Amino acid sequence: MSAADPAAIAGWEAHPPRMGFFTDTSVCIGCKACEVACKEWNNVPEDGLAWLGLSYDNTGSLGASTWRHVAFIEQPQAGQDHGIRWLMSSDVCKHCTSAACLEVCPTGSLIRTEFGTVVVQQDICNGCGYCVSACPFGVIDRREEDGRVWKCTLCYDRLKDDLTPACAKACPTESIQFGPLLELRTRAEQRVDSLQAQGETGARLYGADPSDGVGGTGAFFLLLDDPEVYGLPPKPASTTRDLPSMWKSAAMAALSLTAGVAAAFLGRRR
Amino acid sequence: MVPDAEVRTYYDRPILKQPVWTWLVPAYFFTGGLAAGSAMLAAGARLTGNRRLARQSRLVALGALGASTALLIKDLGRPGRFYNMFRVLKPTSPMSIGSWALGAFGSAAAAGMASDVLDVLPGLGALADMAAGGIAPAVATYTAVLLADTAVPAWHEARHELPFVFAASAAASAGGVAVALTPPSEAGPARRVLGAGALAELAAVEALHRRLGPELAATYEQGLAGTLGTWSKALTAVGAVTAVAGGRRFRPLAVAGGLATAAGGAVLRFAIFEAGKAAARDPKYVVGPQRREAGVGG
Ligand code: SF4
Ligand code: SF4
């Protein structure tokens, strides 16, 4: 239970249950309503209107000014309409239980909210960029014209008013489901079972396992193929879990350095 | 080694974000290392009564530290908010720990300098020099932990070797600059630091490549990182041999060899930086190793 309660670990005493997203990609129709709703509600600036030539994906990836990104994958497969299996998936910040971005942030700009989500405090970020290289999912990025980093807030403002985040609200197929994380996980497991029973053997959950490298994610997914097919890392981890061993190596290196310099002075005096 | 074709990706698009850091960051690593190594030389020289070397090295330490801090601030997206680095002290953030270490280091080195130049409070001055020299090894190595604590495979998988690379390179560079600036008769300890540092640097880089294995080591061996790596090795090796073998008698060789060794250390930081950028750019470096860790085959 405590592993799923990062808000308590962050010091919130009385707090609402951890809220999150369950994105069931098996019912995504690729309408991009989530992308649009997110931009509109959060006043996220335009970040390039490009034709990428990647199926219907002209968004490309998550970034400082793209907080929802719908991926389109066309897989040749016999027996499907036009011989193509479509995979569509709306990606978003994972709001990790062990969030590398938050852990490495030197200013304390990135915080854990009472809902267990991860949010940038824009009045504090100094744009050091550490979180950008720490995120194992390549989510958070710096808005160069602004100098600070930006990412999905899980509509923190809406949550405080008991509203559903904009993307989930706009999703016409309920591919994006919002709610208390533990309820979502139960629902997702049932959904995987029923898909498996229907013969969809590739159905699996991504981010729903609290024992994975990021302690499970607050925004998790039902995928129909390997994560990397959707542009997701197969085994994401927060590298801060290795921090004790890294500091140990650094201490050994520092000691060797001290010993070496001392020896140089004590060796032969002349 | 996993052939590229076996790794499935989303249109070959990167999984990780490119570091937003520019050339200012490897330059900040180098000058930080140089400052740390020089402060240690200054402390050693002060303890052994080598006043000339002490002064020289303290000056280099302060100059390099000033440059390092300026580079670090310049690379921020919001330089005017640099002071937010001192808003909290966060054990989980190597950059936070490093900022505080840099602050303490700079204050101590400046105090040591002030006492020496103004000729006041020599006892406190010596103490300050010792403090700077004592914090210096942390300043030399925290940047390695900073890089290693990222999702970038070329940096994280090298987490146990990077601190040794950075420590050795700090020694070699500081020794190099000191040998170049100090008359050979008083540069004995600096020469030894240069020689041992250069050897250790070359050995640690070799160990790093081995640790990564052929697939990830490619990020250090190919492209811009590979070119820089080769230059770094050559500069360090040739510079060290020149300075140690020839610099004892001939001042010009000391200057050339010392500066070449330091340049080798500088280029090395850029090589490591570029390797990380290459690793973040190509999703195969993320998918391949993670797949193997998962034991699911390539
Ligand atoms: S996905 Fe990245 S940006 Fe989002 S919480 Fe996790 S580490 Fe932070
Ligand atoms: S860029 Fe901003 S949010 Fe990211 S680590 Fe630096 S200060 Fe924190």
Checklist entry - Being open to solvent by 10 Å² or more (accessible area, probe 1.4 Å) and either over 29 Å from B:R51 (Cβ atoms) or within 11 Å of another protein chain (Cβ to nearest Cβ) (or both), is that true of even one residue in region B:172-181? => result no
Next on the checklist: Of everything in region A:125-169, what is open to solvent by less than 20 Å² (accessible area, probe 1.4 Å) and among the β-branched types (V, I, T)? Give them in sequence order.
Outcome noted: A:V132, A:V139, A:I140, A:V149
Item to check | Within region A:74-94, considering residues that are touching a residue at least 40 places away in the same chain (Cβ under 8 Å) and away from chain B (no Cβ under 11 Å), the one farthest from ligand 2 (Cβ to nearest atom) | outcome: A:W86
Next on the checklist: For region A:105-135, which positions are within 17 Å of B:V88 (Cα to Cα), near ligand 1 (Cβ under 9 Å from one of its atoms) and part of a helix (DSSP H, G or I)?
Outcome noted: A:C131
Next on the checklist: Looking only at residues that are outside any helix (DSSP H, G or I) and more than 8 Å from chain A (Cβ to nearest Cβ) in region B:40-55, which one is farthest from B:L124 (Cα to Cα)?
Outcome noted: B:N50
Item to check | Residue that is in a helix (DSSP H, G or I) and of a type in the set (A, V, I, L, M, F, W, C), where the choices are A:L232, A:L205, A:L257 | outcome: A:L257
Checklist outcome for this item: For region A:48-73, the count of residues that are over 14 Å from the mean Cα position of the chain (by Cα), in a loop (DSSP other than H, G, I, E, B) and in contact (Cβ under 8 Å) with a residue 40 or more places away in the chain equals 1
Checklist entry - Does A:F137 meet the test of being of a type in the set (A, V, I, L, M, F, W, C) and within 11 Å of chain B (Cβ to nearest Cβ)? => result yes
Checklist entry - Do any residues in region A:248-259 that are at the interface with chain B (Cβ under 7 Å from one of its Cβ atoms) have Cβ atoms under 8 Å from those of residues that are among the basic types (K, R), where the two are at least six apart or on different chains, and which pairs are they? => result A:S249/B:R159
Item to check | Pairs where the first residue, in region A:95-121, is within 23 Å of B:G98 (Cβ to Cβ) and the second is within 10 Å of ligand 2 (Cβ to nearest atom) and small (G, A, S), C-beta under 6 Å, 6+ apart | outcome: A:A100/A:A134; A:C101/A:A134; A:V104/A:A134; A:V104/B:S93; A:P106/B:S93; A:P106/B:S96; A:V120/A:S109; A:Q121/A:S109
Checklist entry - Among all residue pairs at least 6 apart or on different chains, which show Cβ distances below 8 Å where the first residue, located in region A:122-151, is farther than 22 Å from B:G80 by Cα and the second is within 6 Å of ligand 2 (Cβ to nearest atom) and charged (D, E, K, R)? => result none
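In region B:146-166, which residues are under 30 Å from B:A254 (Cα atoms) and either open to solvent by 10 Å² or more (accessible area, probe 1.4 Å) or in contact (Cβ under 8 Å) with a residue 40 or more places away in the chain (or both)? Before you say what the answer is, go through the steps one by one.
Keep residues of region B:146-166 that are under 30 Å from B:A254 (Cα atoms), which gives B:161-166.
Once the filter is applied, which keeps residues that are under 30 Å from B:A254 (Cα atoms) and either open to solvent by 10 Å² or more (accessible area, probe 1.4 Å) or in contact (Cβ under 8 Å) with a residue 40 or more places away in the chain (or both), region B:146-166 yields B:E161, B:L162, B:F164, B:V165, B:F166.
Within region A:81-95, restricting attention to residues that are more than 16 Å from ligand 1 (Cβ to nearest atom) and farther than 18 Å from A:A203 by Cα, which residue is modelled with the lowest pLDDT?
For region A:81-95, the residue satisfying everything is A:D81.
Within region A:140-171, which residues are touching a Cys at 6+ places or on another chain (Cβ under 7 Å), in a loop (DSSP other than H, G, I, E, B) and at the interface with chain B (Cβ under 8 Å from one of its Cβ atoms)?
A:I140, A:R148, listed by residue number.
The values are calculated or read from the model by the stated rules, or taken from the named source; none is laboratory data. The shown structure was predicted, so the numbers you read here are calculated from the model rather than taken from an experiment. Note that we place each Cβ from the backbone using ideal geometry, even for glycine, and neighbour counts take in every protein chain shown. When the accessible area is computed, the model is the full protein with side chains, heavy atoms only, and any ligands, DNA or RNA have been set aside. Shrake-Rupley method; radii C 1.70, N 1.55, O 1.52, S 1.80 Å.
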